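A short worksheet on the structure shown next.
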Amino acid sequence: MKLAEDRALVLFSGGQDSATCLAWTLSRYAHVETVGFAYGQRHHVELKARLALRREIASHFQGWGAKLGEDHLVDLEALSALGETAMTGDVEFQMAESGLPNTFVPGRNLAFLVLAAALAYRRNMGTLVGGMCETDFSGYPDCRADTLEAQMQALRLGMDADFRLKTPLMHLTKGQTWEMAEAEGGTELVGLIVEHSHTCYRGDRDHRHVWGYGCGTCPACELREKGWNDYRAAPGPSA
């Protein structure tokens, strides 16, 4: 089945990475929709951040707003029911016996892609866009380019559809992701991402830092803060 190449579906969590990917996609595609997943995540506040980011981006960038279509939220609570992780339960962040951090939710990105592709198939959207990254990730095997391409090949075969997956952050550091946001939407977009996106694994929206809201001590906050500091230290228009 031939799907429309100029229609894209963004896997949109409401975090820094997916917000940057949304801007990147709106700059390149004629029609863009978003999909999020409720999987019992400890930082469920990100589900509200998704809506705030969509609203603010559409309001501040009217050209993008004209391209921004529907948002979809998919119930994937079964992921948390299969076993507790630091992303789905109130447990301390640490390394598991597998050698991976206990923030790893087995099969999460693979499940996201299956359901996003099923939605895209029905809505004639040939491109999926995700914020997966090999550079600043925590060793998650489902963030690797070879894993994602294998999954996409299975989806192409299983649905007989010409899906394409774009991962614009795959080889970027967090600092470079901030730089991409500025390149796509200037310091105005950077400010929206700082204020409205959510990354903190603990779901903390009480503590405001220069890089956004969060506890400041979980792995996600530490990575975001480091990326922000690298971005601000780099030579460029905003430095």
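The values are calculated or read from the model by the stated rules, or taken from the named source; none is laboratory data. Given the structure is predicted, the values throughout are model-derived calculations rather than measurements. Ideal geometry is used to build each Cβ from the backbone, glycine not excepted, and the neighbour counts take in all protein chains shown.
The table that follows gives values for the structure above.
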item	result
Extreme residue, farthest from Arg55 (Cα to Cα), among residues of the stretch 196-227 that are in contact (Cβ under 8 Å) with a residue 24 or more places away in the chain and touching a strand residue (DSSP E or B) at 6+ places or on another chain (Cβ under 8 Å)	Pro219
Search result, residues across the stretch 165-183 that are within 16 Å of Asn109 (Cβ to Cβ) and touching a residue at least 40 places away in the same chain (Cβ under 8 Å)	Leu165, Lys166, Pro168, Leu169
Top-ranked residue in the stretch 161-176 [being in contact with a Leu (Cβ under 9 Å, 6 or more places away or on another chain) and among the polar types (S, T, N, Q); ranked as nearest to Leu148 (Cα to Cα)]	Thr167
Tally, over the stretch 133-150, of residues that are within 21 Å of Met1 (Cα to Cα) and either at pLDDT 95 or above or surrounded by fewer than 17 Cβ atoms within 10 Å (Cβ to Cβ) (or both)	2
Residue satisfying condition, being touching a residue at least 24 places away in the same chain (Cβ under 8 Å) and of a type in the set (A, V, I, L, M), within set Leu157, Leu148	Leu148
Residue match in the stretch 188-197 (condition: of a type in the set (Ser, Thr, Tyr), surrounded by 15 or more Cβ atoms within 10 Å (Cβ to Cβ) and in contact with an Asp or Glu (Cβ under 8 Å, 6 or more places away or on another chain))	no
Within the stretch 168-182, considering residues that are in a helix (DSSP H, G or I) and not charged (D, E, K, R), the one farthest from Leu26 (Cα to Cα)	Gly175
Matching option when the condition is under 18 Å from the mean Cα position of the chain (by Cα) and closer than 30 Å to Gln151 by Cβ, among Glu179, Glu225, Glu195	Glu179
Residues within the stretch 47-76 that are of a type outside the set (Phe, Trp, Tyr) and out of contact with any strand residue (DSSP E or B) (no Cβ under 8 Å at 6 or more places or on another chain), tallied	12
Residue match in the stretch 147-164 (condition: in a loop (DSSP other than H, G, I, E, B), more than 17 Å from the chain's Cα centre (by Cα) and of a type outside the set (A, V, I, L, M, F, W, C))	yes
Verdict on Val35 being among the β-branched types (Val, Ile, Thr), touching a residue at least 40 places away in the same chain (Cβ under 8 Å) and within 20 Å of Gly216 (Cα to Cα)	no
Residue satisfying condition, being out of contact with any strand residue (DSSP E or B) (no Cβ under 8 Å at 6 or more places or on another chain) and polar (S, T, N, Q), within set Thr135, Thr167	Thr135
Within the stretch 1-107, helices (runs of 4 or more DSSP H) holding 2 or more residues that are of a type in the set (A, V, I, L, M), buried (at least 16 other Cβ atoms within 10 Å of the Cβ) and modelled with pLDDT of 95 or more	16-26, 46-60
Residue match in the stretch 213-235 (condition: of a type in the set (Val, Ile, Thr), surrounded by fewer than 20 Cβ atoms within 10 Å (Cβ to Cβ) and assigned to a loop (DSSP other than H, G, I, E, B))	yes
